[in-house]
Amino acid sequence: MESDSKPNLANADYYFNRELSWLDFNKRVIEEAKDPQNPLLEQLNFLSIASSNLDEFYMVRVAGLQDQFKLGYHMTDRKTDMSPLEQLSAISDKNNGNISLQYEYYYELLNKLAEKHFRIKKISDLSESEFAVIEETFHEQIFPALTPLGIDAYRPFPNLNNKLVHIFVNLEKEDTTRVAIVPIPAPLQRFILLDENKNDIGIVLLEDVVRHFIHTLFKGFTVTNSFSCRITRNADLELHEDGADDLLLVIQDYLKKRKNGMAVRLEIDTRDTIDSLQADVRFLQTELDLEDRDVYMIEGPLDLTFLSKLTRHLAIASPDDVYPSFSPVTPSDLSGKDIFDVVEKQDVFLHHPYDSFDPVVDFIKSAAEDEDTIAIKQTLYRVSKDSPIIEGLKTAAESGKQVTVLVELKARFDEENNVQWAKELEEAGAHVLYGMTHLKTHSKITMVVKKHHERIVRYVHLATGNYNDKTARLYTDMAIFTANKEIGEDATNFFNYLSGYSDQPEYNHLHVSPFEIRDSFIEYIDDEIASHEQFGNGHIIAKMNSLTDKRVIMKLYEASQAGIRVDLIIRGICCLKPQVPGVSENIHVRSIVGRFLEHSRIYYFHHNGDENLFLSSADMMTRNMIKRVEIEFPILDKAIKKEILSLMDVYLADNTKARELHPDGTYRHVRNDKPAVDAQKYFMELANKEKEIPTLSEKDSWLKKSNEDSRNDGKKRRSRATRS
């Protein structure tokens, strides 16, 4: 029983379930396919992104819940008191709604594609010449790659590959009935383009072609029915690290097992099927040990991730239907200058993808080629397939420099890539660390140690995002370069902690998880509450991917109850329930889903004008703060702090892409009568403008002028907090 004066902040009514909140995020991704501000092919691409997101969600999160349920693990979710079974049922209900919406938009977009003379066609819709092309393609390129898998007493149910589309076939011969499954090999492209008529491009899906000619695989039998199906498997297998002499071998064995994890989802394409379909679905369910809630009957092609590649093809013929090209800018204070000379004099801030990632690559390459470089130390979590960062590190190691690299082999779905990079770096002579037992090292830090004018100088790069030159063009992230001596000491202690044996160091400025980052959040929120009680001007702003940690949420509730304005910009999961009277009425949560993936983590505490500002590789998630090695680092340079705060004001002024979370769990677009602000578009315009501005001072002047309205809005928010 709660007291009217002091609510129990642990009450389940004050929280959203993590898994259901994630599905709400994926719904926002799907809704971008309906937004006319996105070009047509980009709308289609959002449907692809949503499908890719959902695959990973099932392979990891739903798989974990299914394991708990099957093992009789009945412990409830700490925040919402939902049991594994309750969560699985709620996930099924909500996801079915998402899928209905996704395919509704899919068919609407197909109609719009047809207006552009791009048509996804059934086999029956093809002209004679088009059918001839399809027939030749099948016999020459597809048929040789297909393998029919019969199922009977001598041929057991096959091991169906994760995420692969399969064709289930019903066969008949005299009085005998049989079933078989035909996997569609992953290397085959999911669609065939028919472009002999340049003004009307036809698109035929691979599974439709295989189904039409499926009888050629079963001579002497009659095909009575066929349909496409797809399974998703558990990829969240337990990784046994204890006693491992070589984690590389453990990871490689783990990857083999993951391909054969238990089935967690079955998808059925219900187009053009007959009444006996349900019996076949029951057969598949039984063989795969799946419940009804794990089966999704879809009136459309399975696995819409193929739309991503399709849109790239169609963009060649219709370039106006994709986002206008954008090239990042090299910050004026680095352009044409030696990065180490600049960083020795001042801290440098990068805001990707608006600022180019090239300075980060140059930082490594230049250090690798400089005879004054003594050592390079770096953590790597996700890197690109042909990473220039890796090439720079190999060059440095091969030239005799001391190169120490922590390659996180447990970076989910990047393990294979990272195993390969670890081997190559070791062969080049680098000292490679594989991470820490039972912890993922998710930190983004590089240190270059140089001998400069007869003294040792440490140059440090700290970031919110990965050392990945490809995703740096697609994700929003922030980073700094610094030669600050105390941060250099912290970086040295951090790398020594990773590579040797010692208790966690005492740091001058860095907060390093496990645990320390969460402790720092709680401490800074407590300090903000104390400051607000004295001065009445408390304000917390935080931007992150997800918020799940209950202790931090409860502390934010306390801040709200104290009268502090809390502005949260959370792209994905949010377990905090905002604007609940007496609990969180001073907390506002918004989500921005747009052209770029919002990935930066920024934490601001006003503290009566002292303005403590941090960037971090960590979200306010329990896993980040107790199961990972993460870094939270302060912004010490006043000019950079001012710039980041002005950028945050733009995010908080967004009334185009931003959606606000309401206490009933719905997200609604922020709409008001103020001038339209699209944060991502604004930052692109700012970057394009900077290309025309030769000096940093002129850039600052223009930024000040452009942000004036947004900053005034921010001042009004803070003054309102003061008056309260």
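Rule-based calculations on the coordinates, nothing more; no lab input. The shown structure was predicted, so the numbers you read here are calculated from the model rather than taken from an experiment. Here the Cβ positions follow ideal geometry from the backbone for every residue, glycine too, while neighbour counts run over all protein chains shown.
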Considering only DSSP beta bridges where both residues belong to the chain, give the percentage that are antiparallel (nearest 5). 70
Working from the pairwise distances between different alpha carbons, so that the mean of 1/r is found and then inverted, what is the stretch 512-723's Kirkwood radius in Å? 17.7
Value of [θ]222 nm, deg cm²/dmol, for the chain, DSSP H segments ≥ 4, -39500 (n - 2.57) each, nearest 500: -12000 deg cm²/dmol
Most exposed first by the Cβ proxy, i.e. fewest other Cβ within 10 Å, how do Tyr73, Tyr682, Tyr467, Tyr497 rank? Tyr73, Tyr497, Tyr682, Tyr467
Expected output is a single nm value to one decimal: the length gained when fully extending between Phe413 and Leu277, i.e. 0.36 nm times separation in residues minus the C-alpha distance. What is it? 45.6 nm
Of Thr492, Thr446, Thr222, how do they rank once you tally other Cβ atoms within 10 Å and put the fewest first? Thr222, Thr492, Thr446
If a paramagnetic tag sat 7 Å from the Cα of Lys116 along the Cα-Cβ line, which residues of the stretch 315-336 would have the backbone N under 11 Å from that point? 315-323
Once you put a point 7 Å from the Cα of Lys337 and another 7 Å from the Cα of Glu172, both along the Cβ direction, what distance in nm separates them? 8.0
Please identify which residues in the stretch 160-190 have an amide N closer than 20 Å to a label point set 7 Å out from the Cα of Glu287, following the Cα→Cβ vector. 160-173, 176-186
Answer with a single label: of [x] 32.3; [y] 36.0; [z] 46.3, which was calculated as mean projected area of the Cα convex hull in nm² from the structure in view? [y]
Taking a ≥ b ≥ c as the square roots of the Cα gyration tensor eigenvalues, with a/c under 1.5 meaning rounded and otherwise prolate when a/b beats b/c or oblate if not, the stretch 12-321 comes out oblate
Straight-line reach from Lys638: which aspartates and glutamates have a Cα under 15 Å away, not including same-chain ones fewer than 8 places off? Asp347, Asp610, Glu611, Asp700
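On full extension of the chain, what length is gained from Glu486 through Gln346, given 0.36 nm per residue of separation minus the C-alpha to C-alpha distance?
Values: separation 140, 0.36 × 140 = 50.40 nm, distance 1.42 nm.
Answer, rounded to one decimal: 49.0 nm.
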Give, in nm to one decimal, the length gained when the segment between Leu474 and Leu101 is fully stretched (0.36 nm per residue of separation minus the Cα-Cα distance). 131.7 nm
Under 21 Å between C-alpha atoms, the lysine pairs in the stretch 273-412 lying 8 or more places apart or on different chains count 14
Estimated inter-spin distance, Asn199 and Asn608, nm [label 7 Å along Cα→Cβ]: 7.6
Whichever lysines have a C-alpha closer than 16 Å to that of Lys550, once near sequence neighbours (fewer than 8 apart) are set aside: Lys79, Lys577, Lys627
Separation between Cα centres of the stretch 88-115 and the stretch 545-622, rounded to whole Å: 30
Fewest-first sequence of His588, His453, His511 by Cβ atoms within 10 Å of each Cβ: His453, His588, His511
Over the chain, what is the mean sequence separation of C-alpha contacts under 8 Å (at least six apart), divided by residue count, expressed as relative contact order in percent? 11
